[in-house]
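The values are calculated or read from the model by the stated rules, or taken from the named source; none is laboratory data. The shown structure was predicted, so the numbers you read here are calculated from the model rather than taken from an experiment. As a convention, Cβ positions derive from the backbone with ideal geometry for all residues, glycine included, and neighbour counts pool all protein chains shown. Remember, those area values only see protein heavy atoms, side chains included, never the ligands or the DNA or RNA. Shrake-Rupley method; radii C 1.70, N 1.55, O 1.52, S 1.80 Å.
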Amino acid sequence: MNLGEIGSSAREAINSATTREALEQIRLNYLGRKGELTEILRSLKELPVEERRVLGSEANVLRVELENMLADKTANFGEAGEMVADITAPGKKVSRGHLHPLSRVMADASKIFAGMNFSVVTGPEAETEYYNFDALNIPANHPAREMWDTFWLKSGKGDKQKMLLRTHTSPMQMRFMEKSTPPFQIVVPGRCFRYEATDMSHEVNFYQLEGLMVGKDVNLGNFKFIIEEFLKKFFVGQKIEFRFRPSYFPFVEPGVEVDIKLKGKWLEIMGAGMVHPRVFEYAHYNPKDWQGFAFGVGIDRLAMIKYGVPDIRLFYSGDLRFLKQF
Amino acid sequence: MKFSYSLLKKLLPKLPAKTKVSEALNMHSFELESIEGDTLDIKLPANRYSDASSHIGIARELSTSLGLAFKVPVKKLVNTPMNRGLFGVRVEEKDLCRRYSGRYFELKKIGISPTWLKSILKSCGIQSINAVVDVMNYAMLVTGQPMHAFDADEVKGKIIVRRAKKGEKITTLDGKHIELNSQVLLIADEKKPLAIAGIKGGKEAGVTAKTRKIIVESANFDPTNIFKTSREIKLQTDASLRFAHDLSPALSEIGMDFATIMLAALGAKLKDSVDVYPKKVSDRLVNFDVASYEKLTGEKTDLKEAKKYFEALGFEPAGKKFRVPAWRTDVSEFEDLAEELTRFLGYGRLKSESPRVAIKPIADDLEFSFGNNVKEFLTRMGLDEVYNPSFYGEKEDNDFKDSFFGASASALELENPIAENRKYLRKNLTAWLLKNAEWNSRFFEKIRIFELGKTFALVGGKTSEKLVLGVLAAGKKDKGGVLEIKGSLSELLRSLGITDFFFEPSGKNLLKLIVNGRDMGFIRQFSSVPGAKQWVAAAAEVDADSLSKMISEEHEYKPLPKYPEVIRDISMVSDRAVSIGDIVEEISLVNEKLIDDVDLVDEYWDEKFGPKQSLTFRIVFRSDEKTLGDEEVNAEVEKIISNLKRKFQIEVR
């Protein structure tokens, strides 16, 4: 083969090569130790000087050309290795399971409180009237009870008391205190119920997280600290402001309402306060010895704010188009 | 409760604009729900009606938070004519009627009220009737004490405060006929009922334009009885709302004195008065000291600052204590005063400070941590978590009888369900999971979901609840669901450290899950999903309460296999009546030492097969002692085939 034939066949081979390995083979065929062009270059020394000069320079020009072509084309294939699949195609849809957004919020919230030495406690959803109301300083036939629209159960003969669906997680304050000695700090996540018409922000079942911290000198300023730390961590990455207002719940005194400002809007987020001396008395604690704070925050509400969910009913819809977003 | 801005402005001439008022109320007193024109709708706490369901009360709050001078617009009247016999009062129920004040007036005419008064009434949602009735309502708005006026000519003999007789009837001022029972407290004369005490006046002795003599009532009633009665006869009024919240009997005379001055302005002459008030309430002395305040709130103050706010609220210093007027029914101990001070100092002033407590290891809640583990595990297996309502109806309870409450359990019923199809608390999770399948069949080809939630029942007459794990696999012609659930649950149990478990068939479509010898759950197959065309489903429920108590964290290391495995597939045709589970068991029993695993890798059937089906099993052989040779394995395979032929009449393909 003469130099012209070698050149055109090498160019064609390079142009039609589809893999990096094919190019490597072409390099070997023409420029390798036993390559065709290499053979010609090697044979130059046997030629007369004049011919050697002409052919030599032509051969070297071709060598440089082929080397460049190979380098360019090789670069097109990117990294080493054969192209296994077209990496520019859309990623394959891999299925995974999705934790319910309320589970996620409860787990996140509990984790933040655990980081501040709070233990998680859970309790029954079907409660007695005593724990849900009386022991929390909310007597029967008192209008304060109207703050909690209640589902009452047709209790059985075996029930010692009138049963209801807990209207808040607060009954666990008493259940826990009865079995424990301060100091302690707990959070109680769980499902609660209100007998009310459902709409975008009300559901007959919903979730709350109760908090209770009791010690010798746990004060209202401490509550502020704990709750600010919690909310800052929960809404991490967002600019947040706090506002504390007076509020009323029969089981706290003083009572507090907590608002947060997110994206320029004030939002009511939880009710709280210092545990009422009557509540300590129900738990057989001497109110002179102990003090502390309690709070209740709506899990659904936290989730709605955090994820921008407009309608609380979506959480209980079982609609996987919604649930698979989390 | 509705309040009039212009009336507040009358009481506090320096009251700033509504936005300022709104801010002051929200940050120091009560939540302001809305402002519409002159009307401020204020959310009054249940314990503040006695002092604050009045414009005086709201003005006192605003004067304290805004630092405005405030003078209560009620003068105490002296030398009023008393007990002259122009009318009489007998209170038979002294527990239910804690005070009954009456005053007797004569007047020349009853006209209509001036415009300013009418518009204040309107702002507060009260209709103007005539000058006397309007004064009664206005006095209530100003002082918080509900008032009522009777036409004295229509009152026969004494006013008697007694319980109604069963079946007794009254026609109210607005013409409603109400049948009464013995719980209802009545204001009556010697012949007939005049009013439902503390709730609504009767028509017969109502004040009209023709009335010339009136008896004004300013009484106090037991809150519980008013609360109950008002609910029972389904009549809630401005008066009943206030009385139900426990007004102080001390308010009676404040309201009465205010009304008396207003009536005098209409030309009414006070001729007689009666005050039946057996158990007088008095002011309370309440402790307050700066050190205790600091301990409770973490905030520093001094007595001078505290006094400034307390005095504005009407609490006078009395030695080391403060004298709290009787009408502040909510303030009786130190914590109450601390709240008052904190409100007006502002919660914003409180320092946020880390508590000083000894740390101790946090305790683990079994239900919560178990729940989180299960949820995390199942979502990793590709299942989506759902939350369903805790309520359902009769059908959902009847359709799925499996539960963990035992045979004697019955569905727990609500006394006040939100709807007929939500009258029970759920005893199973399956009913709702199948509804989830129906809904999602519109958007998905198949679904894999689970719920971890409480179920309820009456067991032996006792309310019981149980945490249950529900799993559902469903989809269009998606027959593999049941086996996926079986596989997922098995892996879940293993991950929880539970090894002693198996699934036991009970009929063709039900598998029971036995853990440590106990019935712990089931998987049920459904050949259709209501409302979802061509969908089939499998649903499992597991007694999560009991399971959470069985978990062990012991995962024991097993040595890695020393010798290689040998895999053989056997394809066969068998009768469809033969269950796959039995074949697998038969294969495993051939040589328990050498057969490591048996799995079904292919299953085929179509119409032309008739009663037969085609199956392929993959058998993994492995020895702990040596590398198995072909001949040894072949011998085992031969044995397997001959056993299967003998027992199940299979044919090898």
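Which numbered condition trips up A:Phe113, out of (1) at positive phi; (2) surrounded by 20 or more Cβ atoms within 10 Å (Cβ to Cβ)?
(1)
So which residues in segment A:106-163 are more than 10 Å from chain B (Cβ to nearest Cβ) and within 27 Å of B:Leu412 (Cα to Cα)?
A:Glu129, A:Tyr130, A:Tyr131, A:Asn132, A:Phe133, A:Asp134, A:Ala135, A:Leu136, A:Trp148 - these are the residues of segment A:106-163 that are more than 10 Å from chain B (Cβ to nearest Cβ) and within 27 Å of B:Leu412 (Cα to Cα).
Kindly indicate whether any position in segment B:39-58 is more than 18 Å from B:Asn220 (Cβ to Cβ), more than 26 Å from the chain's Cα centre (by Cα) and either of a type in the set (Ser, Thr, Tyr) or assigned by TED's automatic domain parsing to the domain that holds B:Lys308 (or both).
The answer is yes, given that some residue of segment B:39-58 is more than 18 Å from B:Asn220 (Cβ to Cβ), more than 26 Å from the chain's Cα centre (by Cα) and either of a type in the set (Ser, Thr, Tyr) or assigned by TED's automatic domain parsing to the domain that holds B:Lys308 (or both).
Kindly indicate the residue of segment B:145-166 that is assigned to a loop (DSSP other than H, G, I, E, B) and under 36 Å from the mean Cα position of the chain (by Cα) and also nearest to B:Met262 (Cα to Cα) among those meeting that condition.
Restricting to residues being assigned to a loop (DSSP other than H, G, I, E, B) and under 36 Å from the mean Cα position of the chain (by Cα), the top hit is B:Met147.
Name the single residue, out of those in segment B:242-256 being part of a helix (DSSP H, G or I) and surrounded by 21 or more Cβ atoms within 10 Å (Cβ to Cβ), that is farthest from the other protein chains (Cβ to nearest Cβ).
B:Met256
Which condition number does B:Glu586 fail, the rest of (1) among the acidic types (Asp, Glu); (2) open to solvent by 50 Å² or more (accessible area, probe 1.4 Å); (3) touching a Lys or Arg at 6+ places or on another chain (Cβ under 7 Å) being met?
Evaluating B:Glu586 over (1) among the acidic types (Asp, Glu); (2) open to solvent by 50 Å² or more (accessible area, probe 1.4 Å); (3) touching a Lys or Arg at 6+ places or on another chain (Cβ under 7 Å) leaves (2) as the failure.
Please pick out the residue among A:Lys232, A:Lys162 that is over 22 Å from A:Val121 (Cα atoms), basic (Lys, Arg) and either open to solvent by less than 10 Å² (accessible area, probe 1.4 Å) or at pLDDT 95 or above (or both).
The conditions single out A:Lys232.
Is it the case that some residue within segment B:451-462 is surrounded by fewer than 22 Cβ atoms within 10 Å (Cβ to Cβ), over 24 Å from the mean Cα position of the chain (by Cα) and more than 30 Å from A:Lys154 (Cβ to Cβ)?
Within segment B:451-462, none of the residues are surrounded by fewer than 22 Cβ atoms within 10 Å (Cβ to Cβ), over 24 Å from the mean Cα position of the chain (by Cα) and more than 30 Å from A:Lys154 (Cβ to Cβ).
Examine segment A:295-305 for a residue that is within 14 Å of chain B (Cβ to nearest Cβ) and not in a helix (DSSP H, G or I), and state whether such a residue exists.
Yes, some residue in segment A:295-305 is within 14 Å of chain B (Cβ to nearest Cβ) and not in a helix (DSSP H, G or I).
Can you tell me which residue in segment B:224-241 is farthest from B:Arg98 (Cα to Cα), limited to those that are within 14 Å of another protein chain (Cβ to nearest Cβ) and basic (Lys, Arg)?
Within segment B:224-241, the match that is farthest from B:Arg98 (Cα to Cα) is B:Arg231.
Restricting attention to segment A:63-122, report how many residues are part of a helix (DSSP H, G or I) and under 20 Å from the mean Cα position of the chain (by Cα).
Counting residues in segment A:63-122 that are part of a helix (DSSP H, G or I) and under 20 Å from the mean Cα position of the chain (by Cα) gives 14.
Taking the conditions exactly as written (among the small types (Gly, Ala, Ser), touching a residue at least 12 places away in the same chain (Cβ under 8 Å), farther than 30 Å from B:Gln183 by Cβ and within 14 Å of chain A (Cβ to nearest Cβ)), does B:Ser63 satisfy them or not?
no
Assess whether B:Ser292 counts as being polar (S, T, N, Q) and open to solvent by less than 40 Å² (accessible area, probe 1.4 Å).
no
Mind counting the residues in segment B:352-399 that are open to solvent by less than 20 Å² (accessible area, probe 1.4 Å), within 26 Å of B:Arg448 (Cβ to Cβ), more than 7 Å from chain A (Cβ to nearest Cβ) and small (Gly, Ala, Ser)?
1
All but one of (1) among the small types (Gly, Ala, Ser); (2) open to solvent by 20 Å² or more (accessible area, probe 1.4 Å); (3) in a loop (DSSP other than H, G, I, E, B) hold for B:Ser623, so report the exception by its number.
The one condition B:Ser623 does not meet is (2).
Can you name the strands (runs of 3 or more DSSP E) wholly within segment A:203-272 that have at least 1 residues being farther than 20 Å from B:His28 by Cβ and either without any contact (Cβ under 8 Å) to a residue 12 or more places away in the chain or of a type in the set (Asp, Glu) (or both)?
Strands (runs of 3 or more DSSP E) meeting the threshold: A:205-215.
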